[in-house]
Amino acid sequence: MLVLTPLLVPLATALVCLLLPPAWQQRASLAGALLLPACGLALAGEVVSNGPLTVVAGGWPLPFGIEFAADRLSAALVLVAALMLNVVLLWQAGGSADAAPAAPTLQPLLQGLVAGAGAAFVTADLFNLYVWFELTLICALGLLALRGGLRQLDATLKYFVLNVFGTLLLLAAVALLYAATGQLNFRALGAATAALPAGIALPLLTLLSLAFLIKAAAFPFFAWLPASYHTLPAPLLALFSALLAKIGLYALVRTLGAVFQPAPDLLFAVLGWIAVVSMLSGALGAAYHWDLRRILAFHSISQIGYILLAIALASPAGNAAAILFMLHHSLVKAALILTAALIFHACGHYDLRRVGGLYAGRPGLSLVFLLLALSLIGIPPSSGFWSKFLVVRQTLLQGEYLWAAFALAAGAVTLYSMLKIWLEAFWKPHPDESWRAPANDRLLPAHAALGGLLLLILSFGLLPESWIAYVMAAADSLRGGS
Amino acid sequence: MIWAVALALAAVIAAGTYLASSRDLLRCLIGLALVGNGINLLVFASGRLLSQMPPFVASGAQQLAVAANPLPQALVLTAIVISFVLLCFSLVLAIRLLQTAGSADTAKLRAAEPVAVEGSKPALEETA
Amino acid sequence: MGPRALLAEIFLRVLHPALLLASLWILLRGHNAPGGGFIGGLLAVAASAAVALTFTAAEARRRLPLPPTPLAALGVLLALLSGLPGVLGGHPFLTHLWFIVPLPVSELPLSTVILFDLGVYLAVWGAVGGFCLSLLAAVEAER
């Protein structure tokens, strides 16, 4: 039953919210959101001490029943989802600093999104995974359209078309894999696919990976991400950046790294180059843009490239690096977006050409941004340093020097765009000389949310041993047949 | 029979892809829905077309006699419901976009990503 | 408001309850024969749509047991809850339990499955019906 809590708790909360009058929704949602990390922690504790947990819905015999399984990787990502949900609700409690409008659909959609993500992390059935992808997609679409302006509707359309194309490819891949093997359960599917001739397995797995790459916003399928994310309110943008592309990446780690192991080498070689181009194109896109939200959205693509590079190494150490990078990126990117929202609150604009003077006006915020930016670039000792170090070291150890060189080059471009934000938003005086930093009223919940994230990121950077030990064990148990 | 189904789904997916690549908003969305239906047909056909008998265990029997494969039927029902929800959402979205933007030409929809100013500089974004 | 369809209005006095009864019959029949919550729910939507086409979408909405969105949410919640009795009995989630209640003449099989099917029925009625009625309302507004 514990395995199912990442799905049942938020889903039940979403449904209860729909039945309640608007005044009670926020409280019900908060109760569900507070329960979720407790479930996640219990799940992680159980998994660490007793190994992977599984349950088959309805007690049907395998491989017919729909199995749910949680291992260390699932538990870690469920915890990230639970944390981000609480961060969003805390931010919303303040109601200022670019918060989402309190529409009656907001809480159900939020909880539904987290339910879809949580369920995707614990399912052990390919068709079931597709269903959770769709639930997440539908809730994400609802949240994108929430503000209802022309910009949001336009963004929703772009997001809809490209993501629906991705899920349709996923469904086609699932159907063809079922046609070829007669299985959907991960373990049975893995065994049956290994028995297929290479000429059939390779196209099927390529189609499946293609679908996940669209979901993960990798080059050249990332167009939906920078076209839509910047129209979201800040807390939702943080949630989307921390969670949505991660589901695609998680699915890649789970399928290529565990279920279909050993997957064809050609797939990983291509994936490595996709990763390199994603890293570079994301970093260059970020260097071009001036809107804080768009810079950060393009950065996500670059960081997703690093994670894909680690997956492309096709080794337990590579998978461990990928998982560590996913955790780091979720936390740091969400925190940076919330920092951007505070910049917006102080200056009234997200565009770097319209802001400035924050080093003098908001010294605390400057320090927070500096710490987060250093982590994103990968300056030791920070979470970003350990994550990048693991990826680049493993790339070099496996003799992929060219990939490692590109990864370092993308890091240099990241340094440039972070420096740009620092110089424009904090260092340069505000373009309007009469500007004064507004009072910090009603910002306490926002500061608490950002502060909590920051503490976690700092503990990650300063005490990396336990985090690295956890992801190493997670990557090992991936192959040990979860 | 399986060849007829294969040809039908190839035709549906091809027609859907053609429509989906249109610049007209409604054609694009209908095309995507059509591709979705083609892929639903693929899901259905993935369990092979063994028999036309519904998969019910006869009263008193312990085992299913020769009948259609029930699993793809369950899968395709789920997939149909999902594609129906997405179609509903896309139609409402299209109506709202037509009302707000006043144009069904997707190439003119640049509200979320404004065209660069002075040739190369990114345009100023609206904030909300 | 267009011209009234008098024949349809009178016919609907019988048709509406008949369709709803038929949808319930299909829901219950789904235990051991073709039918079930999904198809029953669609038939209930047809009943609502018939009312909306004859009178107005608002009238059809008024005749729903709950507003569409809570109706659908209640349905999914019922389906989820139907999985819990099995868990209390130590089985995996969604394991369904059967109770045979002996009656003087026959016996009454009760199960948690019927709760699940009822949930699907309400969810389909609420979700598809809600969508249908709001589109019909949009059409009415344009007239």
Selection status of A:Ala23, in a helix (DSSP H, G or I), touching a Ser or Thr at 6+ places or on another chain (Cβ under 8 Å) and surrounded by fewer than 20 Cβ atoms within 10 Å (Cβ to Cβ): no
Filter result (surrounded by 15 or more Cβ atoms within 10 Å (Cβ to Cβ) and either in contact with a His (Cβ under 8 Å, 6 or more places away or on another chain) or farther than 21 Å from A:Leu15 by Cβ (or both)) within segment C:96-116: C:Ser111, C:Thr112, C:Val113, C:Ile114, C:Phe116
Answer residue from segment B:54-79, given it is touching a residue at least 24 places away in the same chain (Cβ under 8 Å) and within 11 Å of chain A (Cβ to nearest Cβ) and is nearest to C:Val128 (Cα to Cα) among those: B:Ala79
Qualifying residue in segment A:208-219 (condition: over 30 Å from A:Ala188 (Cα atoms), of a type outside the set (A, V, I, L, M) and modelled with pLDDT under 95): yes
Residue that is nearest to the other protein chains (Cβ to nearest Cβ) [pool: residues in segment A:191-250 that are over 22 Å from A:Leu168 (Cα atoms) and outside any helix (DSSP H, G or I)]: A:Pro233
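Residue by residue, here is whether (1) closer than 28 Å to B:Lys108 by Cα; (2) touching a Gly at 6+ places or on another chain (Cβ under 9 Å); (3) within 14 Å of another protein chain (Cβ to nearest Cβ); (4) assigned to a helix (DSSP H, G or I) holds:
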residue: A:Ala81; (1), (2), (3), (4): no, yes, no, yes
residue: A:Met84; (1), (2), (3), (4): no, no, no, yes
residue: A:Asn128; (1), (2), (3), (4): no, no, yes, yes
residue: A:Arg147; (1), (2), (3), (4): yes, no, yes, no
residue: A:Gln152; (1), (2), (3), (4): yes, no, yes, yes
residue: A:Val164; (1), (2), (3), (4): yes, yes, yes, yes
Single match in A:Leu11, A:Leu19 (criterion: touching a residue at least 40 places away in the same chain (Cβ under 8 Å) and either within 11 Å of chain C (Cβ to nearest Cβ) or acidic (Asp, Glu) (or both)): A:Leu11
Residues (of a type in the set (Gly, Ala, Ser), outside any helix (DSSP H, G or I) and either more than 14 Å from chain B (Cβ to nearest Cβ) or more than 25 Å from A:Leu90 (Cα to Cα) (or both)) located in segment A:328-384: A:Gly356, A:Gly357, A:Gly378, A:Ser382
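This table checks each residue for (1) at the interface with another protein chain (Cβ under 10 Å from one of its Cβ atoms); (2) closer than 27 Å to A:Leu177 by Cα; (3) modelled with pLDDT under 90.
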position: B:Met1; (1), (2), (3): no, yes, yes
position: B:Gly31; (1), (2), (3): yes, yes, no
position: B:Val43; (1), (2), (3): yes, yes, no
position: B:Gly47; (1), (2), (3): yes, yes, yes
position: B:Ser51; (1), (2), (3): no, yes, yes
Test for A:Phe133: is it among the aromatic types (Phe, Trp, Tyr), in contact with a Ser or Thr (Cβ under 6 Å, 6 or more places away or on another chain), part of a helix (DSSP H, G or I) and within 11 Å of chain B (Cβ to nearest Cβ): yes
Flag if A:Trp427 is over 21 Å from the mean Cα position of the chain (by Cα) and more than 27 Å from A:Ala99 (Cβ to Cβ): yes
Number of the condition not met by A:Gly58 [criteria: (1) away from chain C (no Cβ under 13 Å); (2) free of Cβ contacts under 8 Å to residues at least 12 places away in the same chain; (3) small (Gly, Ala, Ser)]: (1)
Some residue of segment A:314-321 being away from chain B (no Cβ under 14 Å), within 23 Å of A:Phe460 (Cα to Cα) and surrounded by fewer than 23 Cβ atoms within 10 Å (Cβ to Cβ): yes
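The values are calculated or read from the model by the stated rules, or taken from the named source; none is laboratory data. Nothing here was measured: the structure is a model prediction, and the numbers come from that model. So basically every Cβ, Gly included, is an ideal-geometry build from the backbone, and we count neighbours across all protein chains shown.
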